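Enquirer: Below is a structure I'd like to ask you about.
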Amino acid sequence: MMVEEKHYDDDSLIALASEAVALDEHLASCADCSERLETFRLIAEAMAVETTWDTRPLSDTPVPETIANLRSFADRMAMEDAEAAANLPNLLAGQREQWMDNLHLHPEYRTAGVVRKLLESVPSARDMMPRDAVEMTALAIEIADHLDGASPQLRGAAWRERAYSLFYVGDFVAAERATANAEGFFNASLIADYDLARLGIVGALVERGLEEYSRAIARSRASAEIFQIFGDRTRYVSARLAEVHLLFSICRYQEAHDTLMLLRNALLGRDDVPTYARVIGNLGFCCWKLQRPDQALLYFDEAAQLLEASGIYTEAVRSRWNAARVLTDEGRFQDALPRLRGVSGEFERFGMMAPATESSLEIAEILVSNGDFDQAEEICRTAIRRFETSHLAYTAPALTALALMQEAVRNRTATRKFVSHVREYLRRVPDEPALLFAFPAE
């Protein structure tokens, strides 16, 4: 029966735990009752296992065979990793377009050790040259998927790193597929709570890119709870930051600000500069949206300096980009222009075409507003050259939009509104490759 507060009592939950029933409306919405029901179900499952009732005392005496097997496994793994570390520079020799050919020419590189070493190298590659990171995950998957005896954890880890790398370069649809693949492998493992929690952060970021906000918030909060149980403070903060990004997407900036201040205070005095810098950068974004531009600039500049000092160059550039955007919003165009030029050049050097183009078009908006059409036309030509060599699914519609913009700039009829419209179209078309370009309404 139900108690006065409308929650199920223990007797009712024990009765429900003995049957495979679907959650009713109350259980689906009440975290307390559903968690207690799951606890009773776990207890019932444990009581049904024969070993639960085995009262024989466990021996404290080490089993020599077990120790020998563990040592042999550790020795083999150490040897494999040492060989992989020696082979990795040869595998990654030349341009990234050559790496897969290098692998095909050297079957001896197809080991679990090489997969592990590739995955260890992906985060630093993502910070310095994101497209390299994407190709490294392709190598890791190619090896792991054709490796006899590859564990679900290893294959899941390869797909997880690919999902995050694809998200990082803005390919959200492919990132979603990679996330699903990783989840399938982790679910095939008996012990995967922590790995699934790590994947949950990636999934939340990808779902944010696909505008699936409710699912993404649930993912990030679930991951945060698991990391808290495991005592992993760094990844706990990462999960909370994923939640903050989702709050940004639905314009709940004050709630995000309050969460970030709690994280910032918790990180003070801790030796985790990169995580602290990311929190500070997000505070900058909050203050920008809350109409506190001076605070936003201070936070963005501090975050950029800390990230640069930590070797996280791509995130440092994004922080400087945000600072330039604050200046643009404030009408301080002469201060914004040199910053925008700097970040656009850095994005291009890192091979990040989408932000390089977007930031260059922000420069074009200012130039068109100032009547400097010659420089704006050169920006159009550069953007067109980028897309012509990219061969992406959305290259053709992107080139159409840029060609129309170039013509308007050449004829001196382009307005800041039109350039902004083209920039917004180029931001959307990677996720909507069938989206046709249309002139903005006057």
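The values are calculated or read from the model by the stated rules, or taken from the named source; none is laboratory data. From a predicted model like this one, the values you see are computed outputs, not experimental measurements. A quick note on method: Cβ atoms are made from the backbone with ideal geometry, for glycine too, and the neighbour counts reach across all protein chains shown.
Enquirer: Would you check if Ala316 is of a type in the set (Gly, Ala, Ser) and over 25 Å from Leu290 (Cα atoms)?
Expert: no
Enquirer: State which residue is farthest from the chain's Cα centre (by Cα) when the search covers only the range 67-102 and only residues that are basic (Lys, Arg) and not assigned by TED's automatic domain parsing to the domain that holds Ile141.
Expert: Arg71
Enquirer: When the range 168-182 is examined, which residues are found to be at pLDDT 90 or above, within 15 Å of the chain's Cα centre (by Cα) and not basic (Lys, Arg)?
Expert: Ala174, Ala175, Glu176, Ala178, Thr179, Ala180, Ala182 - these are the residues of the range 168-182 that are at pLDDT 90 or above, within 15 Å of the chain's Cα centre (by Cα) and not basic (Lys, Arg).
Enquirer: Further question: Of the residues that sit in the range 164-192 and are hydroxyl-bearing (Ser, Thr, Tyr) and buried (at least 18 other Cβ atoms within 10 Å of the Cβ), which one is farthest from Glu358 (Cα to Cα)? Full working, then the answer.
Expert: Step one: filter the range 164-192 for residues hydroxyl-bearing (Ser, Thr, Tyr), giving 164-165, 168, 179, 189.
Next, only the ones that are buried (at least 18 other Cβ atoms within 10 Å of the Cβ) stay: 164-165, 168, 179.
Working: Tyr164: 21, Ser165: 20, Tyr168: 15, Thr179: 27 Å.
The selected residue is Thr179.
Enquirer: To continue, here is another question. Do you know which residues across the range 419-433 are modelled with pLDDT of 80 or more and over 18 Å from Tyr168 (Cα atoms)?
Expert: Taking the range 419-433 and keeping what is modelled with pLDDT of 80 or more, we get 419-429.
Passing the criteria: Val419, Ser420, His421, Val422, Arg423, Glu424, Tyr425.
Enquirer: Can you work out which of the residues in the range 220-237 that are polar (S, T, N, Q) and surrounded by fewer than 23 Cβ atoms within 10 Å (Cβ to Cβ) is farthest from the chain's Cα centre (by Cα)?
Expert: If we take residues in the range 220-237 being polar (S, T, N, Q) and surrounded by fewer than 23 Cβ atoms within 10 Å (Cβ to Cβ), then Gln228 is farthest from the chain's Cα centre (by Cα).
Enquirer: Return yes when Gly209 is touching a residue at least 60 places away in the same chain (Cβ under 8 Å) and either within 28 Å of Arg325 (Cα to Cα) or crowded, with 16+ Cβ neighbours inside 10 Å (or both) and no when it is not.
Expert: Details: touching a residue at least 60 places away in the same chain (Cβ under 8 Å): yes; either within 28 Å of Arg325 (Cα to Cα) or crowded, with 16+ Cβ neighbours inside 10 Å (or both): yes.
Against the criterion (touching a residue at least 60 places away in the same chain (Cβ under 8 Å) and either within 28 Å of Arg325 (Cα to Cα) or crowded, with 16+ Cβ neighbours inside 10 Å (or both)), Gly209 qualifies.
Enquirer: With the structure loaded, tell me whether Leu404 is within 24 Å of Val317 (Cα to Cα), modelled with pLDDT of 90 or more, among the hydrophobic types (A, V, I, L, M, F, W, C) and outside any loop (DSSP other than H, G, I, E, B) or whether it fails that test.
Expert: Values: within 24 Å of Val317 (Cα to Cα): no; modelled with pLDDT of 90 or more: yes; among the hydrophobic types (A, V, I, L, M, F, W, C): yes; outside any loop (DSSP other than H, G, I, E, B): yes.
In short, no.
Enquirer: Then there's this: Residue by residue through the range 246-297, note down the ones that are surrounded by fewer than 18 Cβ atoms within 10 Å (Cβ to Cβ), under 21 Å from Glu211 (Cα atoms) and touching a residue at least 24 places away in the same chain (Cβ under 8 Å).
Expert: Passing the criteria: Phe248, Ser249, Ile250, Cys251, Gln254, Lys289.
Enquirer: Restricting attention to the range 421-434, which residues are in a loop (DSSP other than H, G, I, E, B) and either free of Cβ contacts under 8 Å to residues at least 24 places away in the same chain or farther than 17 Å from Leu361 by Cβ (or both)?
Expert: Asp431, Glu432, Pro433, Ala434
Enquirer: Looking at the structure I just gave you, is Ala336 closer than 20 Å to Phe418 by Cβ, aliphatic (A, V, I, L, M), at pLDDT below 90 and surrounded by 15 or more Cβ atoms within 10 Å (Cβ to Cβ)?
Expert: So Ala336 does not fit the description; no.
Enquirer: Shifting gears a bit: Here is a list of conditions, (1) under 22 Å from Gly200 (Cα atoms); (2) under 16 Å from the mean Cα position of the chain (by Cα); (3) surrounded by fewer than 19 Cβ atoms within 10 Å (Cβ to Cβ), and Gln153 meets all of them except one; can you say which number that is?
Expert: Condition not satisfied by Gln153: (2).
Enquirer: With the checklist (1) among the hydrophobic types (A, V, I, L, M, F, W, C); (2) under 29 Å from Arg96 (Cβ atoms); (3) not assigned by TED's automatic domain parsing to the domain that holds Trp288 in hand, flag the one item Trp321 doesn't pass.
Expert: The one condition Trp321 does not meet is (3).
Enquirer: Related question: Among the residues of the range 133-177, what is the count of those that are within 24 Å of Leu92 (Cβ to Cβ), touching a residue at least 24 places away in the same chain (Cβ under 8 Å) and part of a helix (DSSP H, G or I)?
Expert: The total comes to 28.
Enquirer: Go through the residues of the range 300-323 one by one and say whether even a single one is in contact with an Asp or Glu (Cβ under 7 Å, 6 or more places away or on another chain) and more than 21 Å from Met352 (Cα to Cα).
Expert: There is no residue in the range 300-323 that is in contact with an Asp or Glu (Cβ under 7 Å, 6 or more places away or on another chain) and more than 21 Å from Met352 (Cα to Cα).
Enquirer: Over 21 Å from Ala84 (Cβ atoms) and among the basic types (Lys, Arg): which single residue out of Arg131, Arg160 fits that description?
Expert: The conditions single out Arg131.
Enquirer: Among the polar types (S, T, N, Q), more than 18 Å from Leu298 (Cα to Cα) and without any contact (Cβ under 8 Å) to a residue 40 or more places away in the chain: does that describe Ser369?
Expert: Judged against the criteria, Ser369 is not a match.
Enquirer: I've got another one for you. What tally of residues in the range 347-390 results from selecting those that are outside any helix (DSSP H, G or I) and either over 21 Å from Phe167 (Cβ atoms) or among the polar types (S, T, N, Q) (or both)?
Expert: Here is the first cut: in the range 347-390, the ones outside any helix (DSSP H, G or I) are 350-352, 370-372.
Still in the list and also either over 21 Å from Phe167 (Cβ atoms) or among the polar types (S, T, N, Q) (or both): 370-372.
Number satisfying all stated conditions: 3.
Enquirer: Mind checking which pairs have a first residue in the range 395-420 that is assigned by TED's automatic domain parsing to the domain that holds Phe333 and a second that is at pLDDT 90 or above, Cβ under 9 Å, 6 or more apart or different chains?
Expert: From residues that are assigned by TED's automatic domain parsing to the domain that holds Phe333, there are no pairs.
Enquirer: Please enumerate the residues belonging to the range 320-346 that are in contact with a Pro (Cβ under 9 Å, 6 or more places away or on another chain), in contact (Cβ under 8 Å) with a residue 24 or more places away in the chain, assigned to a helix (DSSP H, G or I) and farther than 19 Å from Ala277 by Cβ.
Expert: Leu327, Asp329
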